[in-house]
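If you scroll down you'll find the structure; I have some questions about it.
Quick note: the coordinates plus some simple rules give every number you see, no bench work behind them. Every value quoted in this text rests on a predicted model; they were computed, and no experiment measured them. Positions of Cβ are generated from backbone atoms using ideal geometry, with glycine treated the same way; all protein chains shown enter the neighbour counts.
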Amino acid sequence: MPPTEKKALPAGQAPGLKFEKVVKRFGANAVLRELDFAVAPGERVTLIGPSGSGKTTILRLLMTLERPDGGLIWIGDDTLWHRERGGKRVPANQKHLHEMRKQVGMVFQQFNLFPNMSVLRNLTEAPVRVLGLSRDEAVERATSLLDLVGLADKADAHPTRLSGGQQQRVAIARALAMQPKVLLLDEVTSALDPELVVGVQDLLRDIARESDLTLLCVTHEMRFARDISDRVLMFDQGQIVEQGPPDQIFNEPTEQRTRDFLQAVLAT
Amino acid sequence: MSDVLDAYPQLLRGAWTTVQLTVYGSVLALVLALVFGLAGTARSAWVRAVGRVYVEFFRGMATLVLMYWFFYALPLVGFRFTPMAAAVLSLGLNIGAYGAEVVRGAVRAVPKAQYEATVALNFTPVQRMRRVILPQAVALMLPPFGNLVIELMKGSAVVSLITIGDLTFRAKQIQNATGETLWTYVAILLIYFVIAQALQSLVRLAERRVDRMLGRRAEAT
């Protein structure tokens, strides 16, 4: 990655993450049961495991798209869903959530670009409205990010006119435009045509290596997980079954459930 | 027939009044539809209830009855309205109730993923609605809004009953004066039709604009 493009990436100390006895239920179904785990500042962690094991729920809790039913979620030294008031811990209000969300960005499986805006506007709208950047600053930031994802020529295009791979690149740039310190990737290549997957994965791998972001990634692509992560967590039924560096998890898994899962995934 | 044609200044005056009623009534209806329709999508149950009450109350009420209230009944307790104000209020309140349901439905029909993206980008609740959800919902609102505006225009014919000189009122005058029942009503039938077509083309124009904004139509090459 050329140095000019690198400066488009968010920089600065990233916070760590910590889940403390986190419970999440959907109706009678407990997806997470007193889940404990931590991510170090700047660490890149991938969550793998069968569907319905709670991986995506973890990302959605961190993005405040779901509310936990119990436990604490820490981003750096602050609790996400609780704030201090008079020495006591009370549920977070909108203001607290708004403050906490400043550190977190997310890329979705289905891109979720805004169809009522051009590509450039998708990248500038939130920096202008939320971060208070001037239009010019936001355009400058957006342009260098579009450069970074290889879509500088698509700034004025309409998002629906782009291929899935291009849309996802725009979505990545849009998330980075908010200069998050924590980036959440939710099965970001699952909706892409096979020939577009590698390009997006390589882009994310470069971003992960060049930035100081704390990265939390849910994927079914084992090559990508191996490429991008410092550590892999194997999930099943809302619990961590096994964890370790990618080499260990993919080459010498100790748990039978991990072995079964990897075999099933790699067979396809 | 020629008697009817000779009375064309009266017909034009009446048509102009009908157009004015339609425009004022539609503007009021649109404002009410947005306010109470958005209330219907609020998180607070109280705010939603306010939206509900407005819709149920004014949707179930005949425009003519409302108009009689504004024109005959409310003055008895001290609220006086000009005939035009009474007419615009009744039409606007009635059609606004239907419009509120349109707004509510359209906002709810915008994919949840769009809302989630606005949260991920840390927009405030007002910005989410104003910058992302509402612009997309407008595309869904326009066709039913077009129907409602035409509905309002046609419904405005009842204002002749509180002495407003709209198209129907003038027609009755002409019919009285000339005895040309058939041709008088043929004439206003056509004029109503023309006004409706004009409104319809305005709505289509707006639909095309919104479609282009949402990338649903190929840009002109």
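Want the number for A:Asp36 to A:Ser190: 0.36 nm per residue separation, take away the alpha-carbon distance, what's left?
Extending this stretch completely gives an extra 52.7 nm.
Under 12 Å from the Cβ of B:Arg52, count the other residues' Cβ atoms, weight Lys and Arg +1, Asp and Glu -1, and hand me the total.
+1
For segment A:4-109, compute Rg over Rh where Rg is the Cα radius of gyration and Rh is the Kirkwood radius from the inverse mean 1/r over Cα pairs.
Rounded to two decimals, Rg/Rh equals 0.99.
Right, something else. At a 10 Å Cβ-Cβ cut-off, how would you order A:Val23, B:Val126, fewest neighbours first?
B:Val126, A:Val23
Return A:Phe261, B:Phe81 ranked ascending by Cβ neighbour count within 10 Å, so the fewest neighbours appear first.
Going from sparsest to densest Cβ surroundings: B:Phe81, A:Phe261.
Further question on the same structure: Of the options B:Phe70, A:Ile207, A:Pro50, report the single residue whose Cα projects farthest towards the positive end of the charge dipole of the protein assembly as shown (beta-carbon charges: Lys, Arg +1; Asp, Glu -1).
B:Phe70
For segment A:189-195, in order, what is each residue's ³J(HN,Hα) by Karplus, 6.51 cos²θ - 1.76 cosθ + 1.60 with θ = phi - 60°, in whole Hz (x at glycine and Pro)?
So the J values, rounded to whole Hz, are 10, 5, 9, 9, 4, x, 6.
Let me ask something else. Run lengths n ≥ 4 of DSSP H only: what is the helix-derived mean residue ellipticity at 222 nm for the protein assembly as shown, with -39500 (n - 2.57) per run over all residues, to the nearest 500?
-17000 deg cm²/dmol
Among B:Trp46, A:Trp81, what is the fewest-to-most ranking by other Cβ atoms within 10 Å?
Result, fewest neighbours first: B:Trp46, A:Trp81.
If you don't mind, another one. What whole-number distance in Å separates the alpha-carbon centres of segment B:190-208 and segment A:189-233?
52
Can you tally the net charge around A:Asp230? Count Lys and Arg as +1, Asp and Glu as -1, for every other residue whose Cβ sits under 14 Å from the Cβ of A:Asp230.
That sum, taken over residues with Cβ under 14 Å, equals +1.
When the convex hull of the C-alpha atoms of the protein assembly as shown is computed, what volume per residue in Å³ does it have?
209
Between the helical axis of B:45-59 and the dominant principal axis of chain B, each derived from Cα atoms, what acute angle in degrees is found, rounded to the nearest 10?
Tilt relative to chain B: about 20 degrees.
Ignoring the sites themselves, what is the longest stretch of chain B with no trypsin sites (Lys or Arg not before Pro) in a DSSP loop and at most 12 other beta-carbon atoms within 10 Å?
Longest site-free region, per DSSP loop and neighbour criteria: B:81-221.
Within the set of other residues whose C-beta is less than 10 Å from the C-beta of B:Gln127, count the net charge using Lys and Arg as +1 and Asp and Glu as -1.
Net of charged neighbours comes to +3.
What's the center-to-center distance, using Cα atoms, between segment B:1-37 and segment B:71-127 in Å?
That distance is 21 Å.
If you bin the C-alpha pair distances of chain B every 5 Å from 0, what whole percents do you get?
1, 7, 12, 15, 15, 14, 12, 9, 7, 5, 3, 1, 1, 0
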